[in-house]
Amino acid sequence: MTELKAVSPAAGLLPLSIGGVTLREDEMRPLTLIAPYKGQEAALAKALSAAHGLSWPAAGATSANGAARLVWFGRNAAILVGVQAAAKLAKHAALTDQSDAWSCVVLEGAGARDVLARLTPVDLRDGAFPLGATARTEVFHMACSITRLEAESWQIMGFRSMAKTLVHDLKTAMEGVAARAL
Amino acid sequence: MRIACPLCGERDSREFSYKGHALALERPGEDASLAVWDDYLHNRENVAGVTQELWFHDFGCGSWLVAERNTVTHEFGAVKLAQDVKEARA
Amino acid sequence: MRLEGEGLINRGRKVSFRFDGHSYEGFEGDTLASALLANGVKLVARSFKYHRPRGILTAGSEEPNALVTVGTGGSQDPNVRATVQEIYDGLEAVSQNRWPSLDFDVMAVNDLGAPFLGAGFYYKTFMWPKVFWEKLYEPVIRRAAGLGAISGDPVTDKYERGFAHCDVLVIGSGPTGLMAALTAAEAGADVILAEEDSTLGGRLLSESGEIDGVPARDWAAAMAERLAEMGNVRIMTRTSVTGAYDGGTYGALERVAHHRPLAKGLAKECFWKIAAKRTVLAVGALERPIAFQNNDRPGVMMASAVRAYVNRWNVAPGQKIVLFGNNDSIHDVAADLLAAGVHIAALVDSRADATCQLDVPFYAGAQIVGTEGRKALEAVSISRASGVEKVAADCLGMSGGWNPTLHLTCHMNGRPEWNEAIAAFVPKVGMVPGLIAAGACNGAFSTAACLGEGVGAAQAACDALGLQAKAPKRAPEMPSAEDRPYSIAPLWAVAGKGRAWLDFQNDVTVKDVKQAAAENFRSVEHMKRYTTQGMATDQGKNSNVQALAVLADATGRGIPETGTTTYRPPFTPVAVAAMAAGAADKGFAPERFTTSHRLTVAANAPLIEAGLWYRPSYFPKAGETTWRQSCDREVGYVREAVGICDVSTLGKIDIKGRDAGAFLDLLYTNMFSTLKVGRVRYGLMLREDGHVMDDGTTARLADDHFVMTTTTAAAGEVMKHMEFVSQGLRPDLDVRFASVTEQWAQFAVAGPQARDLLNGLLDSPIDGESWPFMACGDVKILGVDGRLFRISFSGEHAYEVAVPARYGESLFQLLRARAEAMGGGAYGMEALNVLRIEKGFITHAEIHGRVTAFDIGMQGMMSKKKDFIGKGAAARPGLVEDDREMLVGLKPVGAVKQLLAGAHLYNDAAEPTRPNNQGYLTSVGYSPTLGSYLGLGFLKGGRARHGGIVQMVDHVRGVSTRCEVCHPVFLDPEGERSRD
């Protein structure tokens, strides 16, 4: 029987390992943009907690519960990563499936922050960007989301159509950082 | 130049784009006269000093902002969410 | 000549390099300048205008003379300062602005023509005739005058950019900077210490003296070690802070790989944007020359440079050194030279009351009035009351005093003030918000004063950041150091005939400045432009203050009234390649690819750019030799069978919420709140000024759920506009929207067999009744949840089918294969364009920003029942007049059959001149369906002129075509095909 075959955004481009830094594509997981309706913030927070054990993240923050992670994603919005959004959330918020919209890559290693510092104007120092912090910002010329997963592990989300450019820009920066250490 | 986004904190100006005077928030009613529309669309004070401007945080949170800025020194004063400003006036 | 001594060179590591083709040896730690001097090379350059032989003047980044070119081709760097360039094995440097060689330069004849080449030469000479400028003056001058040249090849080196953040940025690492960095770091601040040199220490590396009882250089090394061990201090060496900008932002150029061969992946330079909450400027002071006759000979240098070469690099720049100055620092230099065993031929102090404790020939109240030696200094003439004495000398160190390096403090339009006591400009407090100048750049010259100001500035910075609260303020114990007062008697230019240089880089003399004043260029800014003083790579670091002092004298004003020119970024030159780092070629902008991209490329389809997207122009088949053949075939697919086109690039926005309908009513000219669920409507969007912004279809998937499409080009603009309307105009509306452009891969399936094709893939087949024209809804395609819209941009029976992007490639492959089996196939942008022109459908070629709904014949779509963006302004009388240029169709009717987009329209038989212009063509295509070129365009009063004849004239390409004006819909005006 004929079937549609799924292709990941960065298929054939990753993983990469340069110097002490690696770049890999995250597995394709459910992504749901959640934007609370007017005056529904409290009700939504309650429903989120009941359905997923997650709290609504403050600007620049994330909340996590097992495989589920809720990442602040800009004004009045967060993106639920890793689990399908419970249907009853739709009463309180606009839910938009974004599972195929973003290319999710993970940059890891001792020089990962130095690599990012060549691409993003955001302050990535520990004080300004602790574990679990997230930002919507620019990665070279692209609007992206950056989340600090571990001390030396950063998730970067860019538009799916720009996956090749995202990998190119990260690779160029990785090479630059690695070459300095030689 | 750095702009203190009320949601994202202080960010490099490269993340923002500029629209013009915050007067644009005061859209005339449907039955406004052409003179009123002309003012709304085209006529602006060219202030040497503090002014209220609209900035859009394109590469950040997607908020429209009303920023107080001194056109002489480029110094920013209060930066507010346009939505809050608009709602406060309603 | 290399001396014994304990300089900062590694004598155990020899380095070989080439200059102008000759091999030399130096040591690790040498600059090109110190290594050349060690090898006895004194002539290193030719001057800008007169091609005068020039040597090394300084030992720092302010060097005006010793500019060389390093590298070749795409790796060529002109105007590299030999005083900054560190040597490494294999370094190749060549001199500049000479032909055929540095030693014998033909253009040195300019020196004889000096009287003609003075101030204002360009302005006086190149007035007329105009043609002489391009043909004669410009090429000749370009050849005769100049600095280094770029190769003209594309840059092959990698350049990087970076962003850094800190609480306190300390610029400069002399005694002031080191103490500032330590103080701030110990208070708990995150510190960046930026130093343009390869090693921390600033002037301490070049001077003798002690701090805390140890040699100052050792103290600096210990401090550097201590700072490096602190987790909150980031040391950036070889990094010049080049500009101070708004909000505590600084530009800094890091020379990553100028001191070693380039390795793979390594950037040559990195341009940093540093965001600092507070900044301590501790960049010291620059010694200034004295103008006297022929003070530019190779061998004449700054006294501080002589000292640096002897102390830091153990190089004697001469065997018979004369020192000349108006302040105490020449005495310190003399002491160091004696200690190093270098012969001092004379110590000339212009101050009559000066005394000297050293065992050297001492001339108080004396001045140097001239020099001899063409390619190297041979003698100097010393004048004092008793007469003029000639002294043999091969090196002259001069010191006219010190200028605080305050350039960065002026980058935000601040003006420094004159300090009479030190005869120099000093910064005022607050010239750059958040920046505190300290130490020598603030006019405090003794080592002890520098140490103290460094601590004080750092404390002030920490106080402002509230840091003392976090960690108790622990002022580092103040080290002991010399604290002598600074004594100077101003001397700008020695009186006398002959040329006395002020600006070595631009060949500007005292006489030039006086001439400018005489010709009434009395403002310092006018003098600068008239004489070119202070321009080019050194930006007058060595000459500005002396030049304005001479100007002040010539105009009978004081120095404070005369003022300085404006110091602007960059402080030191920054290559454009560094500022554009990473943005060349593909780095200029992101590339957006559709999910069908790989298959498109595999099918050899040429790509065209649509915004950031890449889309196929056409899919060539074997045997086709022109794009027209492919395009005609693909149009045929859609008109006769079925065609497939990736339309994922159109903006798609999911809009939800109970006020979604009301929100759309405000955005679009026409009504959307009345649209039935499961239906699609075409909408027109205006800007608030009444002109068309965008158009597209919007589908209603549920009561509170719409999905809007925008054109590919305007997707970003529309999204931003919607955010503005939602946040800034109507925050009361309960509506939420999100871009789903990236989420859905969407394909047009167009043509008489479109439904048959789809029914082979849909889990539940559709028919005309359940899916009429403009229907929409959720569907399952081979088990995958998708969306289906019965809409048409070709006028045929057509659909757009959307699936989550991960399935896009697979679905495109399948759709194309099925279409091919039915006598159709994939079509590209060329065919898409022809199909929509045949139907008179507009794109941004038509809605180009200057047209109204009235102009494109859609005035009927402007609802009278509700408000919408642009309604008020669209009603302005000028926007609805009968003679406005209106959308029309155009068909060739004469002998010439060609139409060209961009061509203009004129009345038949009218002269095709600008005043007679009647309109223009926006879109043109050849319709294989109708066997004719078809055009869309705008024509004055066009709607009333259908059936009339106009002439199309393309003045650029030389084509004139008689055209019939017609309705813009050429094919199937009733729209029967799409409803089929």
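Go through C:Arg818, C:Arg736 for me and flag whichever is crowded, with 20+ Cβ neighbours inside 10 Å, under 19 Å from C:Ala660 (Cβ atoms) and modelled with pLDDT of 95 or more.
Going through C:Arg818, C:Arg736 in turn, just one is crowded, with 20+ Cβ neighbours inside 10 Å, under 19 Å from C:Ala660 (Cβ atoms) and modelled with pLDDT of 95 or more: C:Arg736.
Which one of A:Leu70, A:Leu23 is aliphatic (A, V, I, L, M), surrounded by 15 or more Cβ atoms within 10 Å (Cβ to Cβ), free of Cβ contacts under 8 Å to residues at least 40 places away in the same chain and part of a strand (DSSP E or B)?
Exactly one of A:Leu70, A:Leu23 is aliphatic (A, V, I, L, M), surrounded by 15 or more Cβ atoms within 10 Å (Cβ to Cβ), free of Cβ contacts under 8 Å to residues at least 40 places away in the same chain and part of a strand (DSSP E or B), namely A:Leu70.
Give the residue, chosen from C:Ala745, C:Ala750, C:Ala702, C:Ala715, that is buried (at least 22 other Cβ atoms within 10 Å of the Cβ), modelled with pLDDT of 95 or more, more than 24 Å from C:Met862 (Cα to Cα) and within 14 Å of another protein chain (Cβ to nearest Cβ).
C:Ala745
Select from region C:258-281 the residues that are in contact (Cβ under 8 Å) with a residue 12 or more places away in the chain, not in a strand (DSSP E or B) and not charged (D, E, K, R) and list them in ascending order.
C:His258, C:His259, C:Pro261, C:Leu262, C:Gly265, C:Leu266, C:Ala267, listed by residue number.
In this structure, is C:Ala662 at pLDDT below 95 and not in a strand (DSSP E or B)?
no
Looking at A:Glu108, A:Glu138, A:Glu175, can you tell me which residue is over 21 Å from A:Ala64 (Cα atoms) and either in the same structural domain as A:Leu70 (by TED's automatic domain parsing) or in a strand (DSSP E or B) (or both)?
Testing whether each residue is over 21 Å from A:Ala64 (Cα atoms) and either in the same structural domain as A:Leu70 (by TED's automatic domain parsing) or in a strand (DSSP E or B) (or both) leaves just A:Glu138.
Would you point out which residue out of B:Glu45, B:Glu10, B:Glu30 is more than 9 Å from chain C (Cβ to nearest Cβ) and either modelled with pLDDT under 95 or not in a loop (DSSP other than H, G, I, E, B) (or both)?
Unique residue meeting the criteria: B:Glu45.
Is region C:23-30 home to any residue that is under 36 Å from the mean Cα position of the chain (by Cα) and more than 18 Å from C:Tyr309 (Cα to Cα)?
no
Given the conditions (1) buried (at least 21 other Cβ atoms within 10 Å of the Cβ); (2) at the interface with chain C (Cβ under 7 Å from one of its Cβ atoms); (3) within 30 Å of C:Gly651 (Cα to Cα); (4) in contact (Cβ under 8 Å) with a residue 60 or more places away in the chain, which single one is not true for A:Ala178?
Evaluating A:Ala178 over (1) buried (at least 21 other Cβ atoms within 10 Å of the Cβ); (2) at the interface with chain C (Cβ under 7 Å from one of its Cβ atoms); (3) within 30 Å of C:Gly651 (Cα to Cα); (4) in contact (Cβ under 8 Å) with a residue 60 or more places away in the chain leaves (3) as the failure.
I'd like the full set of residues that are in contact (Cβ under 8 Å) with a residue 24 or more places away in the chain and under 19 Å from C:Lys124 (Cα atoms), limited to region C:522-541.
C:Arg522, C:Glu525, C:Met527, C:Lys528, C:Tyr530, C:Thr531, C:Thr532, C:Gln533 - these are the residues of region C:522-541 that are in contact (Cβ under 8 Å) with a residue 24 or more places away in the chain and under 19 Å from C:Lys124 (Cα atoms).
Residue by residue through region C:791-824, note down the ones that are among the aromatic types (Phe, Trp, Tyr) and away from chain A (no Cβ under 14 Å).
Answer for region C:791-824, where residues must be among the aromatic types (Phe, Trp, Tyr) and away from chain A (no Cβ under 14 Å): C:Phe793, C:Tyr799.
In region C:611-628, which residues are more than 37 Å from the chain's Cα centre (by Cα) and among the polar types (S, T, N, Q)?
Across region C:611-628, the qualifying residues are C:Thr625, C:Thr626.
Which members of region A:145-171 meet the condition of being at the interface with another protein chain (Cβ under 10 Å from one of its Cβ atoms) and crowded, with 22+ Cβ neighbours inside 10 Å?
A:Gly158, A:Arg160, A:Ser161, A:Met162, A:Ala163, A:Thr165, A:Leu166, A:Asp169
Please go through region C:753-790 and pick out each residue that is within 14 Å of another protein chain (Cβ to nearest Cβ), closer than 19 Å to C:Thr697 by Cβ and surrounded by fewer than 20 Cβ atoms within 10 Å (Cβ to Cβ).
Answer for region C:753-790, where residues must be within 14 Å of another protein chain (Cβ to nearest Cβ), closer than 19 Å to C:Thr697 by Cβ and surrounded by fewer than 20 Cβ atoms within 10 Å (Cβ to Cβ): just C:Asp778.
Looking at region A:113-122, is at least one residue surrounded by fewer than 20 Cβ atoms within 10 Å (Cβ to Cβ), at pLDDT 95 or above and either at positive phi or within 13 Å of chain C (Cβ to nearest Cβ) (or both)?
Scanning region A:113-122 turns up at least one residue that is surrounded by fewer than 20 Cβ atoms within 10 Å (Cβ to Cβ), at pLDDT 95 or above and either at positive phi or within 13 Å of chain C (Cβ to nearest Cβ) (or both).
Does C:Pro479 satisfy the condition of being within 21 Å of C:Asn326 (Cβ to Cβ), of a type outside the set (D, E, K, R) and either touching a strand residue (DSSP E or B) at 6+ places or on another chain (Cβ under 9 Å) or not assigned by TED's automatic domain parsing to the domain that holds C:Phe445 (or both)?
In short, no.
Tell me, please, whether a residue that is within 14 Å of chain B (Cβ to nearest Cβ), buried (at least 23 other Cβ atoms within 10 Å of the Cβ), part of a strand (DSSP E or B) and in contact (Cβ under 8 Å) with a residue 40 or more places away in the chain can be found in region C:223-243.
Scanning region C:223-243, I find no residue that is within 14 Å of chain B (Cβ to nearest Cβ), buried (at least 23 other Cβ atoms within 10 Å of the Cβ), part of a strand (DSSP E or B) and in contact (Cβ under 8 Å) with a residue 40 or more places away in the chain, so the answer is no.
Select, from C:Arg415, C:Arg384, the only residue that is surrounded by fewer than 17 Cβ atoms within 10 Å (Cβ to Cβ) and either without any contact (Cβ under 8 Å) to a residue 24 or more places away in the chain or not assigned by TED's automatic domain parsing to the domain that holds C:Glu207 (or both).
Result: C:Arg384 is the single residue among C:Arg415, C:Arg384 that is surrounded by fewer than 17 Cβ atoms within 10 Å (Cβ to Cβ) and either without any contact (Cβ under 8 Å) to a residue 24 or more places away in the chain or not assigned by TED's automatic domain parsing to the domain that holds C:Glu207 (or both).
For region A:1-51, enumerate the residues that are among the small types (Gly, Ala, Ser) and away from every other protein chain (no Cβ under 12 Å).
Across region A:1-51, the qualifying residues are A:Ser17, A:Gly20, A:Ala42, A:Ala43, A:Ala45, A:Ala47, A:Ser49, A:Ala50, A:Ala51.
Can you confirm whether A:Arg69 is of a type in the set (Lys, Arg) and touching a helix residue (DSSP H, G or I) at 6+ places or on another chain (Cβ under 9 Å)?
In short, no.
Among the candidates C:Gly683, C:Gly690, single out the residue that is within 22 Å of C:Pro772 (Cβ to Cβ), crowded, with 21+ Cβ neighbours inside 10 Å and modelled with pLDDT of 95 or more.
When all the criteria are applied, what remains is C:Gly683.
Looking at (1) at positive phi; (2) within 14 Å of chain A (Cβ to nearest Cβ); (3) surrounded by 24 or more Cβ atoms within 10 Å (Cβ to Cβ), find the lone condition where C:Gly265 falls short.
The failed condition is (3).
Looking at this structure, is A:Gly109 buried (at least 17 other Cβ atoms within 10 Å of the Cβ) and within 14 Å of another protein chain (Cβ to nearest Cβ)?
no
Could you look through region B:31-86, keep only residues that are of a type in the set (Lys, Arg) and either in contact (Cβ under 8 Å) with a residue 24 or more places away in the chain or in contact with a helix residue (DSSP H, G or I) (Cβ under 9 Å, 6 or more places away or on another chain) (or both), and pick out the one that is surrounded by the fewest Cβ atoms within 10 Å (Cβ to Cβ)?
B:Arg44
Hand me the list of helices (runs of 4 or more DSSP H) wholly inside region C:534-613 holding 1 or more residues that are within 14 Å of chain A (Cβ to nearest Cβ) and surrounded by fewer than 17 Cβ atoms within 10 Å (Cβ to Cβ).
Answer list for region C:534-613: C:597-602.
Restricting to region A:85-106, give me the number of residues that are more than 8 Å from chain C (Cβ to nearest Cβ), aliphatic (A, V, I, L, M) and within 27 Å of C:Pro590 (Cβ to Cβ).
2
State all residues of region C:948-965 that are surrounded by 19 or more Cβ atoms within 10 Å (Cβ to Cβ) and either closer than 16 Å to C:Ser927 by Cβ or not assigned by TED's automatic domain parsing to the domain that holds C:Gln898 (or both); if no residue qualifies, say none.
Selection gives C:Thr961, C:Cys963.
The values are calculated or read from the model by the stated rules, or taken from the named source; none is laboratory data. No experiment lies behind these values; they were computed from the predicted model shown. Quick reminder, even Gly has a Cβ in these numbers, built from the backbone with ideal geometry, and neighbours come from all protein chains shown.
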